[in-house]
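Presented below is the structure to which this report refers.
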Amino acid sequence: MTRRGLVLGGGGVAGVAWQTGLLAGLLEGGVNVLDADLVVGTSAGSTVAAQITSGTPLGALLDRQVEPALQSPEMPPVLDADDRMVRWLDAVDGATDAVDQRRRLGAMALAAPTVAADERRAVIEARLPSHRWPGSDLRIVAVDAETGVERVFDSASGVDLVDAVTASCAVPGAWPPVVIGGRRYIDGGTRTTENADLAAGCDRVLVLQVMPIPGNVDLDGQVAGLREQGAGVTVLRPDDGAASAIGPDLLDPAVRESAARAGRAQGLRAASATGAFWR
């Protein structure tokens, strides 16, 4: 039997909107990727993963992105995008390897001025239509702020779903690290933005990459590894229209409607090719 994996990558509130719209457009085009046997969510993708496995219809999830009256409340980070980038670059300067880089980002996150942890958790709680783990195979990625080691949460972890998603979305310098079981966690995207390698064992893997980073080939390596294991892999990225709608600040809630609508339009256009791959 073919095992299918859906990998949802990071990309802020804009990424939540675009991925939701894209999945809705695919469904309208006759492609239901919500029947995936495995869903891996990182950062923004963890929000989308928890939403689409909650049993809430995709149309209703799309409405929550495009209808202002239905949009969940968001808040701006204390530090703006430029300040966050400076702190990131300073933090990783001199890192000896990827784990050391994540440790440095964790240390920066622990020291950065942010909103209160309970206020940030309330934002994530409001995003999720269900606060219970689904019966399906959902995996959410975060990183230990002190050790730099990834942690993959699932229904067997004994961790609250809202806490797991909040941890996965804890962008260093933007949002506070999340305490779970006495450990502090930061954004799973500090490992890699998609963590597609966690879909190993699937025969077909669909990856949504919100934010391709020039010079970063992490996803290329992960896709190559999956293919070497015999998996078919397709990666969908924002097209020109969607990239324009998303804009330069992925944490800007103002772009939710435009990003979601652009994602839906792209999903409709991509449905034929994606359906042939998925089925």
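Just to confirm a number: summing +1 for Lys and Arg and -1 for Asp and Glu over residues other than PRO129 whose beta-carbon lies under 15 angstrom from that of PRO129, what do you get?
Numbers: positive: ARG64, ARG127, ARG132; negative: ASP63, GLU67, GLU125.
Its environment carries a net charge of 0.
Before rounding to the nearest 500, sum -39500 (n - 2.57) across all DSSP H runs of length at least 4 in the chain and divide by the residue total; then give [θ] at 222 nm in deg cm²/dmol.
-13500 deg cm²/dmol
Quick one: net charge of ALA81's neighbours, Cβ under 12 Å, K/R +1, D/E -1? Let's see the in-between values first.
Details: positive: ARG84, ARG87; negative: ASP80, ASP82, ASP83, ASP249, ASP252.
Computed value for this residue: -3.
Across 10 Å bins from the origin, how do the percents of Cα pairs in the range 80-181 run, short distances first?
15, 44, 31, 10, 0
Using unit Cβ charges (K, R positive; D, E negative) and no other charged atoms, how large, in debye to the nearest 20, is the dipole of the range 90-187 about its Cα centre? Show your work: numbers first, answer last.
Details: 11 positive and 15 negative charges, 35 e Å.
In debye, rounded to 20, the range 90-187 gives about 160.
Only Cα pairs under 8 Å and at least 6 apart count here; give the relative contact order of the range 1-122 as a rounded whole percent. Walk me through the numbers on the way to the answer.
Values: 106 pairs, mean separation 26.3, N = 122.
Value for the range 1-122: 22 percent.
Normalising by the residue count of the chain, find the relative contact order in percent from Cα pairs under 8 Å and 6+ residues apart.
On the way: 615 pairs, mean separation 90.1, N = 279.
Normalised by residue count, the contact order of the chain is 32 percent.
Given the peptides 242-254, 37-49, arrange them by the average over their residues of other C-beta atoms within 10 Å, most packed first.
Details: 242-254: 17.8, 37-49: 28.9.
Highest mean packing first, the order is 37-49, 242-254.
Please report, as a whole percent, how much of the solvent-accessible surface of the chain comes from carbon and sulfur atoms (probe radius 1.4 Å). Could you put the intermediate results ahead of the total?
On the way: 5760 of 11450 Å².
Its accessible area is 50 percent carbon and sulfur atoms.
Rounded to the nearest 5, what % of the DSSP beta bridges within the chain are antiparallel ones? Walk me through the numbers on the way to the answer.
On the way: 10 of 29 bridges.
Of all bridge pairs located within the chain, approximately 35 percent are antiparallel.
Would you kindly derive the ³J(HN,Hα) couplings of the range 245-260 from the backbone phi angles with the Karplus curve 6.51 cos²θ - 1.76 cosθ + 1.60 (θ = phi - 60°), listing them in order in whole Hz, with x for Gly and Pro?
5, 5, x, x, 10, 5, 9, 7, x, 5, 8, 4, 5, 5, 5, 5
Can you give the Rg/Rh ratio of the chain, where Rg is from the C-alpha atoms and Rh is the Kirkwood radius? Mind showing how you got there, number by number?
Working: Rg = 17.3 Å, Rh = 18.4 Å.
Answer for the chain: 0.94.
Hey, what's the chain come to in accessible area per residue, 1.4 Å probe, Å²? Before the final figure, lay out the partial values.
On the way: 11450 Å² over 279 residues.
That works out to 41 Å² per residue.
In sequence order, what are the phi-derived ³J(HN,Hα) couplings for the range 75-80 according to the Karplus relation 6.51 cos²θ - 1.76 cosθ + 1.60 with θ = phi - 60°, rounded to whole Hz, with x for glycine and proline?
9, x, x, 5, 8, 7
With all pairs of different alpha carbon atoms counted, what Kirkwood hydrodynamic radius in Å does the range 129-236 show? Mind dumping the intermediate values first?
On the way: mean 1/r = 0.0673 Å⁻¹.
Evaluated over the range 129-236, this radius sits at 14.9 Å.
Name the residue farthest towards the positive end of the dipole of the chain from the options VAL7, SER136, GLY215, assuming +1 on Cβ of Lys and Arg, -1 on Cβ of Asp and Glu, about the Cα centre.
So the residue we want is SER136.
Using the per-residue mean of other Cβ atoms lying within 10 Å as a proxy for protection, in what order, highest first, do the peptides 259-265, 136-142, 270-276 fall? Walk me through the intermediate numbers first.
Numbers: 259-265: 26.7, 136-142: 24.3, 270-276: 15.3.
Highest-to-lowest ranking by the protection proxy: 259-265, 136-142, 270-276.
Any idea how far the Cα center of the range 143-185 sits from the one of the range 5-19, in Å?
18
For a quick check: with amide H placed at 1.01 Å from N, whose amide H comes under 5 Å from VAL7's, ignoring anything fewer than 5 positions away on the same chain?
Under 5 Å from the amide H of VAL7: VAL40, LEU206, VAL207, LEU208.
Give me the distance between the Cα centres of the range 21-48 and the range 206-250, rounded to whole Å.
When both Cα centres are located, 14 Å separates them.
The values are calculated or read from the model by the stated rules, or taken from the named source; none is laboratory data. Being a predicted model, the structure only gives us computed values, none of them experimental. Cβ sites come from the backbone with ideal geometry, for glycine too, and all protein chains shown count toward neighbours. The area values use the complete protein model at the heavy-atom level, side chains included, leaving out ligands, DNA and RNA. Shrake-Rupley method; radii C 1.70, N 1.55, O 1.52, S 1.80 Å.
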